[in-house]
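We did not get these values from a lab; they are worked out from the coordinates using the rules stated. Keep in mind it's a predicted model, so treat the numbers as computed, not measured. All Cβ positions, glycine included, derive from the backbone under ideal geometry; neighbour counts span all protein chains shown.
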Amino acid sequence: MNRFFLILPLFMVKNKVYTNMKEIPSMKNDKKSTNIIPEIITAVVFFMIFIQPLHAQQEKTFVAKSGDGIYSILRDNDLPASAINEFIELNKEVLGGNKELKIGVEYRLPLERQDGTNSTKPEIPEEDSTPIATKRFPIFGPQHEDVEIKSNELGNAVYYLVSGHGGPDPGAVGKRKNKELCEDEYAYDITLRLARELLSMGATVYMITRDNNDGIRDGWYLPADKDETCYPNLRIPLNQNLRLRQRKDAVNKLYKQYKGRYQRTIIIHVDSRSRGEKIDVFFYHDKRSSSGRETALSLLNTFDSKYNEHQPGRGYHGSVTARNLYMLKYTWPVATYIELGNINHYRDLKRFIIESNRQALAKWLAEGLKNDYENNR
Ligand SMILES: [Zn+2]
């Protein structure tokens, strides 16, 4: 019930747009040289010219106020989310075990580097891709059911993934080439892909909305059906209140089994209740939950840098907001509610009907969740 212990600060709703965080990929030196001396000299000169002045840069500090989190501080100081490890390293003496900022305490900020990156640490080497094990999960369908567990990075994490609508309720309905595109099918496909990503990093994952005969599906058109169930295998009622209560109960029952573990409920929708033309990806948390806000910010930051990397200049207008939503309010694990866009909006539609986009969204979500786990577990 950790969420209810964190009622203390009531946060202002932040609704900012961040567009100018650019990460420049690090230079990789693949050159193989037989004579190493000139390389050493070059390296020394490089150090003298470029590294030296960095240390001369003035170090910035700040005093935490109510509502501050590491991510929000980095953002307010134009530092990328990737600077978080350096921040933790710099402040390890004053940061508590749960990495929360304490009001009134002074913290050091990582230096801004002229090359646009903020880490003075070497890049973490790529993970060994040899799988630890392969496990079978029939819910992903015959072509995807074997999942390679590649690491144990999320070993202590438990996720409850709730894709929106389902059963008798298709959610929002879009149209393309005379076919009806039902929100619940697209949300479900992305949620399945997310589940698979999380499992591959060693997490424990529960699909709360389930469909026993729709695995991960290819192609742009996902035909609609009404046979989704709620974990473990309950018929989904038509009445919205009953449906939400059923999901909430499923999550809360499981929650008790995992007391003491890092647990997150992730609710995924592909419609937008947001006003007018506002589109893009929105992340919501319960106003009483600072951990929920941190999780939402981790996701937003990941999307921020992914969009900058893959579609620079597009302008990404996601946001993190506190909202009064049933699933955020009544599920015991920290919860984040995600609107991935609007199935009725032309620009957003491409995000869902292109299979590789669904996979990319799932990957980005998994990466954002991994960042949150690393920083807030
Ligand atoms: Zn929806």
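Report the gain in length on full extension from Asn213 to Asn357: 0.36 nm times residue separation, minus Cα-Cα distance, nm rounded to one decimal. Each step should come with its number before you reach the end.
Numbers: separation 144, 0.36 × 144 = 51.84 nm, distance 2.24 nm.
This chain segment gains 49.6 nm when fully extended.
For Thr130, Thr265, Thr229, what ranking results if the residue with the fewest other Cβ atoms within 10 Å of its Cβ goes first? Could you put the intermediate results ahead of the total?
On the way: Thr130 7, Thr265 29, Thr229 18.
Taking fewest neighbouring Cβ atoms as first place, the list is Thr130, Thr229, Thr265.
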Here the tail fraction of P(r) beyond 31 Å, over all Cα-Cα pairs of the range 127-376, rounds in percent to 17
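Once you have the Cα-Cα distance between Lys253 and Asn85, take 0.36 nm times their residue separation minus that, and quote the gain in nm to one decimal.
57.0 nm
Of Val251, Val205, Val105, Val270, how do they rank once you tally other Cβ atoms within 10 Å and put the fewest first? Write down the numbers at each step before the final one.
Details: Val251 23, Val205 20, Val105 13, Val270 34.
With the sparsest Cβ surroundings first, the list reads Val105, Val205, Val251, Val270.
With a 10 Å radius around each residue's Cβ, average the other Cβ atoms per peptide and rank 157-170, 208-221, 337-350, highest first. Kindly include the intermediate steps, with their values, before the conclusion.
Working: 157-170: 23.1, 208-221: 17.6, 337-350: 20.3.
With the highest mean Cβ count within 10 Å placed first, the list reads 157-170, 337-350, 208-221.
Going by how many other beta carbons lie within 10 Å of each one, how would you line up Cys182, Cys230, fewest first?
On the way: Cys182 24, Cys230 21.
Listed from fewest to most nearby Cβ atoms, that is Cys230, Cys182.
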Note, the range 169-186: 3J(HN,Hα) by Karplus (6.51, -1.76, 1.60, θ = phi - 60°), whole Hz, Gly/Pro = x, goes 10, x, x, 5, 10, x, 10, 7, 6, 6, 10, 8, 9, 9, 3, 4, 5, 6
Taking placed amide H atoms and a strict 5 Å upper bound, the residues 5 or more places from Ala157 or on another chain that come that close are Thr204
Amide H neighbours of Ile236 at under 5 Å, excluding residues fewer than 5 places away on the same chain, with H built from the backbone geometry, are Cys230
Label model pair Asp78, Arg377: point-to-point distance (7 angstrom along the Cα→beta-carbon line) in nm is 3.4
Flagged as over-length at 21 Å C-alpha distance, from Lys179/Lys248; Lys179/Lys350; Lys65/Lys287; Lys102/Lys306, the pairs are Lys179/Lys248; Lys102/Lys306
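Relative contact order for the range 190-300 using alpha-carbon pairs under 8 Å, separation at least 6, rounded to a whole percent? Walk me through the intermediate numbers first.
Values: 60 pairs, mean separation 17.2, N = 111.
After rounding, I find 15 percent.
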Sorted on mean Cβ neighbours within 10 Å (highest first), peptides 131-140, 297-306, 70-79 come out as 297-306, 70-79, 131-140
Here, Lys92 and Asp225, labelled 7 Å along Cα→Cβ, have an inter-label distance in nm of 5.2
Once amide hydrogens are built 1.01 Å from N within the peptide plane, the residues lying 5 or more places from Arg176 or on another chain with amide H under 5 Å from its amide H are Leu181
Residue-ordered couplings for the range 187-199, obtained by feeding phi - 60° into the Karplus form 6.51 cos²θ - 1.76 cosθ + 1.60 and rounding to whole Hz (Gly and Pro as x), are 4, 5, 4, 5, 5, 4, 5, 4, 4, 5, 4, 5, 4
